[in-house]
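Below is one structure, written out as structure tokens; comments come after it.
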Amino acid sequence: MIVCGVDEAGRGPIIGPLVICGLCADEDEIKNLNVKDSKLLSPKRREYLFDKIISIAKKYVIKIIPPEKLDEMMKEMTINEIEEIYFAEVIDDLRPEIVIVDAVDVDEKRFEDNLKKRLKFETKIISKHKADRDYPIVSAASIIAKVTRDREIEKIKKEIGDFGSGYPADPRTMNFLMEYYKNNGSLPKYVRKTWKTVRKILNSKSNLDRY
């Protein structure tokens, strides 16, 4: 049986893109790979599974949304609404009869309903929290999204230096941004400037003393 799943990687970081992947494959073939939620796998294991998953996928779609696009959209909408738009685009591209999505909204049904409003065709949507843990096809999509984002992050690091994980809770990331701002008077183009933590840095150099 062919099943389809959609998941994302990079919702919370302040550096790098948001990546959304939709993937359709034979359910048994995906289960045979023993996939898991990408967050539970080592980078090496994710890279290994990436190639395996791509080789058996019937169809897949990857959307990479750069920080500057996120910043532009965040002026008028929430991160949930942004993800709804791109999840819907992915589902429209896949055209599945049934699709399982990892719900980004605290209300699973609301996320399902909002997606249906944005679609250009009718389909059955299964919207669940922890879908990347409970549904192998969504686990597979999460792996593709995570590896794609990791590869994008490595490209950025080669250009601007090692900034750690890119998450606001990572001291290495915040120290990197503080030093970069002190030395350049601005932040790299790969930074999500509308994120609250980053705005504190941009609003005043004196805010650097708070970190």
Hey, got a sec? Which GluC sites (Glu not before Pro) in region 96-150 land in a DSSP loop and have at most 12 other Cβ atoms within 10 Å? Glu97, Glu122
Among 14-23, 151-160, how do they line up from the highest to the lowest mean number of other beta-carbon atoms within 10 Å? 14-23, 151-160
Extent of region 72-133 along each principal axis, from alpha carbon coordinates, in Å, largest to smallest? 34, 25, 17
Gain in length, Asp93 to Lys200, computed as 0.36 nm per residue apart minus the alpha-carbon separation, to one decimal in nm? 34.7 nm
Tell me the label only: which of [x] 18.0, 58; [y] 18.3, 61; [z] 16.0, 49 is Rg and Dmax of the Cα atoms in Å as calculated from this structure? [x]
Region 1-150 accessible area per residue, 1.4 Å probe, protein heavy atoms, integer Å², reads 47
Thinking of region 1-118 as a set of Cα atoms, what percent of all their pairs are more than 26 Å apart? 22
Whenever you get a sec, compute what percent of the accessible area on region 102-211 sits on carbon and sulfur atoms (1.4 Å probe). 45
Can you give me the C-alpha center-to-center distance between region 140-166 and region 50-117, rounded to a whole angstrom? 19
Go through region 9-83 and name the trypsin sites (Lys or Arg not before Pro) that are in a DSSP coil and have 12 or fewer other Cβ atoms within 10 Å of their Cβ. Lys75
Distance histogram for region 140-185 (every C-alpha pair counted, 10 angstrom bins, percent rounded to whole numbers): 26, 45, 23, 6, 0
Net charge near Lys158, counting Lys/Arg +1 and Asp/Glu -1 over other residues with Cβ under 14 Å of its Cβ? -2
Those trypsin sites (Lys or Arg not before Pro) from region 76-125 that are DSSP loop and have at most 11 other Cβ neighbours within 10 Å turn out to be Lys120
Largest to smallest accessible area among Met74, Met174 [probe 1.4 Å]: Met74, Met174
Multiply the residue gap between Met74 and Asn32 by 0.36 nm, knock off their C-alpha separation, and tell me the result in nm, one decimal place. 11.1 nm
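The values are calculated or read from the model by the stated rules, or taken from the named source; none is laboratory data. Quick caveat, the model's predicted, so the values are computed rather than measured. Here Cβ is always computed from backbone atoms with ideal geometry, including for glycine, and neighbour counts include all displayed protein chains. Remember, those area values only see protein heavy atoms, side chains included, never the ligands or the DNA or RNA. Shrake-Rupley method; radii C 1.70, N 1.55, O 1.52, S 1.80 Å.
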